[in-house]
Amino acid sequence: MGVARVVVSLALLAAVSVGQDAISAESTNFTLTADNMSYLFHVDTESGELISDHFGSPVDDFTPAAFVLPWGWHDNLANLRREFPDIGRSDPRLPAIHIQHADGNTVSALLYQSHEVTQGKPVLPGLPATYGNESDVSTLAVRLYDNVSDVSAVLSYSIFPKYNAVARSFSIINNGSSDIVINRAASFSTDFPNLDLDLIEVQGDWSHEFNRVKRRVDYGETTIRSTEGYSSHLSNPFIALMPPSTTESSGEVWGFNLVWTGSFEATTERFSNGFVRVLLGLNSLHTSIKVQPGESFQSPEAVALYSTEGVGGMSRSFHELYKNHLSRSKFTHQTRPILLNSWEGLGFEINQTSLVRLAGEAVELGIQLFVNDDGWFGEKYPRNNDSLGLGDWTPNPQYFPDGLRPYVADVNNFTVLNSSEPLQFGIWVEPEMVNPNSTLYQEHPDWVLHASTHARSLTRNQLVLNVGLPEVQDFIISTVSGLLDSANIQYVKWDNNRAMHELSHPSDEYKYILGLYHVIENLTTRYPDVLWEGCASGGGRFDAGLLHYWPQHWTSDNTDASDRLTIQLGTSLVYPPSAMGCHISKAPNGFNQRNISIEFRGHVAMMCGSFGLELNPEELTEHEAAAIPSIMAEAKRVNPVVISGEFYRLALPDYTPWPATQFVSADGSESVVFAFQQKYTVKPAAPPVKLQGLDPKARYFNDLDNGTYTGATYMNGGLNIQWDRADYQSKMIWLTKQ
Ligand code: DGJ
C-alpha cells in the first residue's frame, strides 16, 4: 500500500490539491469524503492547532466557526472545537492525550507540522485494525510536534467511503533524551458543536450482557469504562450519539467503537459553550505507559461512523465494515457447522466413553461439529471441578488413556447425517489462566499478575497469567500448538473466565493485551483452517480487537431464549450477528427455570452465525426430539443469509412483547423474518410487523399467509401475525422476491 503519497509541511501552505477523491487537503483544510458523510477539520495557520469543523452529512465548504464570546474566564483553546486536544494550555476539558515529561510537567503543545495522504491503509504493527486496499480506503497522516518537549505525534485518519467510516489512531514519538509517560490516550477525539444529543451505551454483567441504555448528553462528563483488564461484560468499548428525534430506522447517528480488548474509557463532555467532546481510548487508570527516548507509543484504533438511517443503519455499517475489513478469518464469509457443545449437557462429568456416546447422539440429530468443553485435562490435578488443573494442558490420562488422537478419531468416525462428511471435533481451552492447584502454578508462581506481596485475589478459583511476559506468550503458543498438532482438531473455543485484579504496574494490562495479540496472531496464522471462537464467560470480550483474529464469539452464558433476545439484539448494535455463537439449551432453563418451547429457542439461536445445541440429547422430550429435524433444516437454510445478509432490528424486546428481526440476503432475492410473542395479552392486539430493506416496487411471496405483495406493502403496511394465546411463541417467515 502507500502509492501516490503527498507530503505537505507548514512551510508549504500554498493550495495543494490531493489527487484522491476521498481525502483532499486544500491549504491544510482537510476534507474526508465518504458516500454519505463528510469529515472536515483544518489547521489554524497562526497557531498550528487542529480544529474540528464537521462530521456528518455531506458538506462542500469550510464555514466560519460558531461564535463564542472571545473573552472572559474561558477563552483561547477553551472556545475552540479541537481535533486532538492536549492538556495545559487553556482548555479545561478532558484531553485526548496526556503526557508526563521527564521534569514532571504534563503540558503539551502538539501543533501541525506536515501531512501525508496515501491510498490504502498501513497496518498497525502488533495491533488489530481495519484493513483494505487502495480502492477501499485512503489514509491521511497528520504529523504534530511539540518543540518544548521534543515529542511528535502522528494522527492517522483512514476513510472507508462505502461505510461512512473513519478509523483513527495516533502514535507518540519521544525524540528527546528522557523517558516520557503516556497517562491518557484517546484514539478518537473530536468536538461536536452545540447539538442536542442522546447517548446509547451498553451495560450489563455476566449472563446479562449488552443491555441498551440511552441517556441525554448533558453538561459535564459522562464516562463509560471497563477497568476489568478486558472489554468486559459490564460495558463495551462502544457508544453512539444521536439527536433525540432519531429512531431505530431514521435519523442521524454517530457510532464509535474501539478496536481493543483491554480496559477502555468512552467519554462525552458537554462544556459551558455547549460543545460536546467525544473521547474513546484506553482507560487512564491502566495507562501510565513509559516511552523511552527514540521509541514510540501506538494507540489502538477507534472506528467512528455516521449514518442517517437511524440506529439500525449505524449497526449495519459496522457489520459490513467488520465483515469485510476487520475480521481476517477465512470463515468470516462461510456458513458455520452446526455444533453440539458438551458443557451444559455434561459439565465436568466427562470421560472418553461418555463423550463418544454424546458425539454419537449428536450426529443423529444432524450435528456437524462436536465440541468437548471444559474438563478434559490435568494429570496431577485432574480438572474435575473449576478449582483444579487450569494451566496443565495435558489430557487427563484417566479419561483418555491413549491421549486425544484415538478419541478424536472415534469422533471423526461418525458420519454427519445425510452426508458423507466426518463429524468434526473441537476443543475448549483457557490458556491465559491458571489454578493455584496446578503444576504450572507450582513451577511458575511468578507468571501470574500480582502486585508485590498483596494477596492474589481469586475469581472462579483461578489467577491470570501475565501474558505481557514473553515466556508466558511462548508457553501459550507452544501449548496450544502442541494441542492442535496432537489430534485432528478443527475448532477451538478460547475461554477466559475472570478479570484482572492485582497489577504490579497499571501498564501491565496494556502490555498483556499486546502480548495476547502477539499470541493470537501467531496461532491464527499457523492454524488458519481452525475455526476459532472467543469466549469470556460469555460476552466478556465480545470486541472488535478479537474479531480481527477470530470470526465468532460465544455471546453469553445465559442461554435462556427470552433473555438472549435482549442480549443478542444489544450485541448487534455494533457486532454482526454472523459473529455470534448461540445455542439451544435445555428447558426449563438452568438459570431462570423459564420453560420456552424448542421452536422459540431454535429461532433465537439461529439468528446467529454459529448455531448449535448445548444440551444432553438424552434429556430431550419426545416433542423436542421430534422438532429437532425441522429446526436443523431451518438453521441450515437461514445460515447463509445470517452470514452474508443484512440485519434489521424491527422491534426491540425491551419495548414490546412482540420483538422481531429480519435478515435480507446479500443479493436481495430473499428475506427472513423472526417474530416473537414473549407474553400473551388479551388486549391490545399485536402491531403489524413492518419490514425493512426490501425493494419497494418488487413483489415478494411470503410463507406466512402465502400472499405476494410489494416491498412497499411489507414495509409500510406490515405483516399481521396471528399469535396463539400463549407466551413465548415464535415465527420464522420467508419472503422470496418474484
Ligand atoms: C465459561 C464459558 O462461558 C462456558 O461456556 C463454559 O465453557 C465454561 N466456562 C467452562 O468452564
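The values are calculated or read from the model by the stated rules, or taken from the named source; none is laboratory data. Keep in mind that what you see is a predicted model, and the values were worked out from it rather than measured. FYI the Cβ positions are ideal-geometry reconstructions off the backbone, even for glycines, and counts take in every protein chain you see.
Kindly evaluate residue 640 against the criterion of being over 24 Å from residue 586 (Cβ atoms) and surrounded by 13 or more Cβ atoms within 10 Å (Cβ to Cβ). Spell out the reasoning first.
On the way: over 24 Å from residue 586 (Cβ atoms): yes; surrounded by 13 or more Cβ atoms within 10 Å (Cβ to Cβ): yes.
Yes, satisfied.
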Open item on the list: Show the residue pairs meeting these rules: Cβ distance below 9 Å; 6+ apart or different chains; first residue within the range 337-356 and over 22 Å from residue 417 (Cβ atoms); second residue at pLDDT 95 or above and of a type in the set (Val, Ile, Thr).
Closed with: 343/371
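With the condition kept exactly as written, say whether any residue in the range 450-466 is more than 22 Å from residue 614 (Cα to Cα), outside any strand (DSSP E or B) and within 16 Å of the ligand (Cβ to nearest atom). Explain how you work it out, then say what you get.
Going through the range 450-466, the residues more than 22 Å from residue 614 (Cα to Cα) turn out to be 450-459, 461-466.
From what is left, the residues that are outside any strand (DSSP E or B) are 450-458, 461, 466.
Then keep just the ones that are within 16 Å of the ligand (Cβ to nearest atom); that gives 458, 461.
So far as the range 450-466 goes, yes, one or more of its residues are more than 22 Å from residue 614 (Cα to Cα), outside any strand (DSSP E or B) and within 16 Å of the ligand (Cβ to nearest atom).
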- [ ] Please verify whether the range 174-190 includes one or more residues that are within 19 Å of residue 652 (Cβ to Cβ), assigned by TED's automatic domain parsing to the domain that holds residue 23 and either small (Gly, Ala, Ser) or crowded, with 24+ Cβ neighbours inside 10 Å (or both).
- [x] no
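Please work out if residue 347 is surrounded by fewer than 21 Cβ atoms within 10 Å (Cβ to Cβ) and within 16 Å of the ligand (Cβ to nearest atom).
On the way: surrounded by fewer than 21 Cβ atoms within 10 Å (Cβ to Cβ): yes; within 16 Å of the ligand (Cβ to nearest atom): yes.
The answer is yes for residue 347.
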TODO: Tell me which residues, restricted to the range 613-627, are buried (at least 19 other Cβ atoms within 10 Å of the Cβ) and more than 16 Å from the ligand (Cβ to nearest atom).
DONE: 617, 620, 624
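Taking into account only those residues within the range 355-401 that are acidic (Asp, Glu) and either farther than 30 Å from residue 463 by Cα or outside the structural domain of residue 629 (by TED's automatic domain parsing) (or both), which is nearest to the ligand (Cβ to nearest atom)?
Going residue by residue through the range 355-401, those that are acidic (Asp, Glu) are 361, 364, 373-374, 379, 386, 392.
Those still in the list that are either farther than 30 Å from residue 463 by Cα or outside the structural domain of residue 629 (by TED's automatic domain parsing) (or both) too: 361, 364.
Working: 361: 20, 364: 23 Å.
Applying the filter and picking the extreme gives 361.
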- [ ] Of the conditions (1) more than 21 Å from residue 647 (Cβ to Cβ); (2) within 15 Å of the ligand (Cβ to nearest atom); (3) of a type in the set (A, V, I, L, M, F, W, C); (4) part of a loop (DSSP other than H, G, I, E, B), residue 608 clears all except one; give me its number.
- [x] (1)
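Residue 509: within 21 Å of residue 560 (Cα to Cα) and among the acidic types (Asp, Glu), yes or no? So that I can check it myself, show each step before the final result.
Numbers: within 21 Å of residue 560 (Cα to Cα): no; among the acidic types (Asp, Glu): yes.
No.
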TODO: Mind listing just one residue for me: the one in the range 529-551 that is touching a strand residue (DSSP E or B) at 6+ places or on another chain (Cβ under 7 Å) and within 13 Å of the ligand (Cβ to nearest atom) and, of those, nearest to residue 593 (Cα to Cα)?
DONE: 538
TODO: Output yes when any residue across the range 552-563 is in a helix (DSSP H, G or I), within 16 Å of the ligand (Cβ to nearest atom) and surrounded by fewer than 23 Cβ atoms within 10 Å (Cβ to Cβ), and no when none is.
DONE: yes
Task: Extreme residue, surrounded by the most Cβ atoms within 10 Å (Cβ to Cβ), among residues of the range 523-551 that are of a type in the set (Phe, Trp, Tyr) and assigned to a loop (DSSP other than H, G, I, E, B) - done: 542
- [ ] List the strands (runs of 3 or more DSSP E) that sit entirely inside the range 89-180 and contain at least 3 residues that are among the hydroxyl-bearing types (Ser, Thr, Tyr).
- [x] 111-119, 138-146, 151-160
Open item on the list: I'm trying to understand the selection: among the residues of the range 433-475, which are surrounded by fewer than 20 Cβ atoms within 10 Å (Cβ to Cβ), among the hydrophobic types (A, V, I, L, M, F, W, C) and farther than 18 Å from residue 498 by Cα?
Closed with: 469
TODO: Just need a number here: residues in the range 481-522 that are out of contact with any Gly (no Cβ under 7 Å at 6 or more places or on another chain) and either part of a helix (DSSP H, G or I) or of a type in the set (Lys, Arg) (or both).
DONE: 11
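Go over the candidates 502, 471, 521 one by one and state the one that is closer than 25 Å to residue 206 by Cα and away from the ligand (no atom under 16 Å from the Cβ). I'd like the intermediate steps shown before the answer.
Details: 471 fails: closer than 25 Å to residue 206 by Cα; 521 fails: closer than 25 Å to residue 206 by Cα.
502 is the lone residue from the list that is closer than 25 Å to residue 206 by Cα and away from the ligand (no atom under 16 Å from the Cβ).
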Open item on the list: Among (1) more than 27 Å from the chain's Cα centre (by Cα); (2) in a strand (DSSP E or B); (3) modelled with pLDDT of 95 or more, there is one condition residue 38 misses while meeting the rest; what is its number?
Closed with: (1)
TODO: Could you check residue 334 against (1) under 21 Å from the mean Cα position of the chain (by Cα); (2) surrounded by 24 or more Cβ atoms within 10 Å (Cβ to Cβ) and say which number it fails?
DONE: (2)
Open item on the list: Residues that are touching a helix residue (DSSP H, G or I) at 6+ places or on another chain (Cβ under 6 Å), assigned to a loop (DSSP other than H, G, I, E, B) and within 16 Å of the ligand (Cβ to nearest atom): does the range 411-434 have at least one?
Closed with: yes
